[in-house]
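Asker: Dropping the structure in here first, questions after.
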DNA sequence: CGGAATTGCTTGCGATGACAACTATTGTAG
DNA sequence: CTACAATAGTTGTCATCGCAAGCAATTCCG
């Protein structure tokens, strides 16, 4: 709660009207999008957090992944992932398996039930993404957005690594 | 926890490569951005949630706003806003004032201390937005993004109202 | 006018997730 | 080979936030 030491005030350039609009619309959209997309997966008893876990696992060979790698991809703390998996394991969608290579490691494994549920839920998720995101834009805008966010993503990863 | 009734499986159109890239990059970027932007305001003892409250209040006449309106803008539940304000009131950055017009209503009021802190923190926040978002793109991309997210935002508001 | 529905906010409770501390395993020096 | 450091995961504790319930004030109608 105690503030860290504050950086000295810098003379920073403000956002011009177009930039400010882009930023505000982006923020508002992402907020609202997160809420809307929850609705598409909740009929399947899933949160978007759960859904993301299933997706990531389904994209891996043998549908399994080390906890720490998964936590990195999901930008979740180790404890956060442990508890999210607890729920998915209880539901029988994911199971834990100790790794043979490294006995510190736990593998999160997508079960058949988990895969089946993902296959069932995914089309509705995609419908939501189309309806509220992709189909609101022109193809040119989609393309521009893809390249723009590619650069933003790379920049953020770079920044993240510099902080190590 | 109990799944709601599931919608019938629909034949939905999948995302083509460009669309999928746009979506994935967008999701990853927003996740990472949220973490990075926290770093810019945390030296001031603020979370991004707190910061957003201060910004919204500062934009209002007399720096005050009804709780329910504020909750709507921040897409926060009534109870969520109550508790977020609790913290800000404890810190002396915001105060509560009952409304004269409607005695059910509580007004959240930005204090002088809150305004001063916002003025101090804002440049660092803007620097972060520039560094990680705006300045990663060409001006054309920023403009495209502004219009694209304007349409997405409108669509989401519309959808939200239809669900009312 | 007066009761019922609505609105605005707060509180109890449960779910989620971060941080720090702890255990267990692996890697690295000396 | 042994100590020390680094890595992987779990658990305790705390903060945040949503839902349902509750209370107070207002509005709607008959």
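Asker: Between A:79, A:12, A:99, which gets the highest mean-square fluctuation from a Gaussian network model of chain A, Cα cutoff 10 Å?
Answerer: A:12
Asker: Once the convex hull of the alpha carbons of region A:101-141 is built, what does its volume come to per residue, in cubic angstrom?
Answerer: 132 Å³
Asker: How far is residue B:135 from the same spot in each other copy, in nm, shortest first, if each label point sits 7 Å from Cα toward Cβ?
Answerer: 4.0
Asker: Right, next: Using only atoms on other chains, find how many Cβ atoms lie within 10 Å of each Cβ of peptide B:34-45 and report the average.
Answerer: 3
Asker: For residue B:119, place a label point 7 Å out from Cα along the Cα→Cβ vector, do the same in each other copy, and report the separations in nm, one decimal, smallest first.
Answerer: Those label-point separations list as 6.3 nm.
Asker: Shifting gears a bit: If I take all pairs of Cα atoms in region B:114-164, what percentage of them are more than 16 Å from each other?
Answerer: Cα-Cα pairs of region B:114-164 separated by over 16 Å account for 62 percent.
Asker: Taking a ≥ b ≥ c as the square roots of the eigenvalues of the Cα gyration tensor of region A:73-117, is the shape rounded (a/c under 1.5), prolate (a/b larger than b/c) or oblate?
Answerer: Since a/c reaches 1.5 but b/c is at least a/b, the shape of region A:73-117 is classed as oblate.
Asker: Would you mind telling me which residue in B:117, B:85, B:74 has the biggest mean-square fluctuation in a Gaussian network model of chain B, where springs connect alpha carbons within a distance under 10 angstrom?
Answerer: Of B:117, B:85, B:74, the Gaussian network model singles out B:74 as fluctuating most.
Asker: Exposure proxy check: A:48, A:137 ranked by fewest other beta carbons within 10 Å?
Answerer: Going from least to most buried by this count: A:48, A:137.
Asker: Here is a follow-up. Within 10 Å of each residue's Cβ, count the other Cβ atoms and sort A:51, A:115 from fewest upward. Don't jump to the answer; show the numbers that get you there.
Answerer: On the way: A:51 21, A:115 15.
Going from sparsest to densest Cβ surroundings: A:115, A:51.
Asker: Using R₀ = 35 Å, calculate the FRET efficiency as 1/(1 + (r/R₀)^6) where r is the Cβ-Cβ separation of residue A:119 and residue B:162; round to 0.05.
Answerer: Working: r = 29 Å, r/R0 = 0.83.
So, using R0 = 35 Å, E works out to roughly 0.75.
Asker: Distances from residue B:72 to the same position in the other copies: list them in nm, one decimal, shortest first, using label points 7 Å from Cα along Cα→Cβ.
Answerer: The answer, with the shortest distance listed first, is 4.5 nm.
Asker: Report the calculated FRET efficiency for residue B:18 and residue B:103 (r = Cβ-Cβ distance, R0 = 41 Å), to the nearest 0.05.
Answerer: 0.15
Asker: Hey, another quick one. Cα gyration tensor of chain A, axes a ≥ b ≥ c as square roots of the eigenvalues: rounded (a/c below 1.5), prolate (a/b > b/c) or oblate?
Answerer: The shape class here is oblate.
Asker: Going by how many other beta carbons lie within 10 Å of each one, how would you line up B:157, A:134, fewest first?
Answerer: Placing the least packed residue first, the sequence is B:157, A:134.
Asker: Quick one: grab the alpha carbon gyration tensor of region A:70-164, order the square roots of its eigenvalues as a ≥ b ≥ c, and give me rounded if a/c is under 1.5, else prolate or oblate depending on whether a/b is larger than b/c.
Answerer: It comes out oblate by the Cα gyration axes.
Asker: On C-alpha positions alone, give me the angle between the axis of helix A:78-90 and the longest principal axis of chain A, in degrees, nearest 10.
Answerer: Result, in degrees: 50.
Asker: Still on this structure, I have one more. Obtain the nm distance between the two label points defined at residue B:75 and residue B:140 by a simple spin-label model: each point lies 7 Å from its Cα along the Cα-to-C-beta direction.
Answerer: Output for this residue pair reads 3.0 nm.
Asker: Here is a follow-up. For Cα pairs less than 8 Å apart in space and 6+ apart in sequence, what is the mean separation divided by the residue count of region A:43-161, i.e. the relative contact order in percent?
Answerer: Details: 88 pairs, mean separation 26.2, N = 119.
Computed value for region A:43-161: 22 percent relative contact order.
Asker: Compute the long axis of helix A:48-58 from its Cα atoms, compare it with the longest principal axis of the Cα atoms of chain A, and write down the angle in degrees, 0 to 90, nearest 10.
Answerer: Computed tilt is about 60 degrees.
Asker: Helix-only estimate, please: 222 nm mean residue ellipticity of the protein assembly as shown, summing -39500 (n - 2.57) across DSSP H runs of length 4 or more and dividing by its residues, to the nearest 500.
Answerer: Value at 222 nm, helices only: -21000 deg cm²/dmol.
Asker: Which residue fluctuates most in the GNM of chain A (Cα springs below 10 Å): A:133, A:26, A:149?
Answerer: A:149
Asker: Binning at 20 Å from 0, report for the protein assembly as shown what percent of all alpha-carbon pair distances ends up in each bin.
Answerer: Spelled out bin by bin, the protein assembly as shown gives 27, 57, 16, 0 percent.
Asker: How far, in degrees from 0 to 90, does helix A:139-162 lean away from the longest principal axis of the Cα atoms of chain A, to the nearest 10?
Answerer: For A:139-162 against chain A, the angle is about 80 degrees.
Asker: Here's something else I'd like to know. Measuring from centroid to centroid over Cα atoms, what is the spacing of region B:90-108 and region A:97-135 in Å?
Answerer: The distance from the Cα centre of region B:90-108 to that of region A:97-135 comes to 45 Å.
Here, each number is a calculation from the coordinates, and none is a lab measurement. The structure presented is a predicted model; accordingly, all values stated were derived computationally and were not measured. Cβ coordinates were reconstructed from backbone atoms using ideal geometry, including for glycine residues, and neighbour counts include every protein chain displayed.
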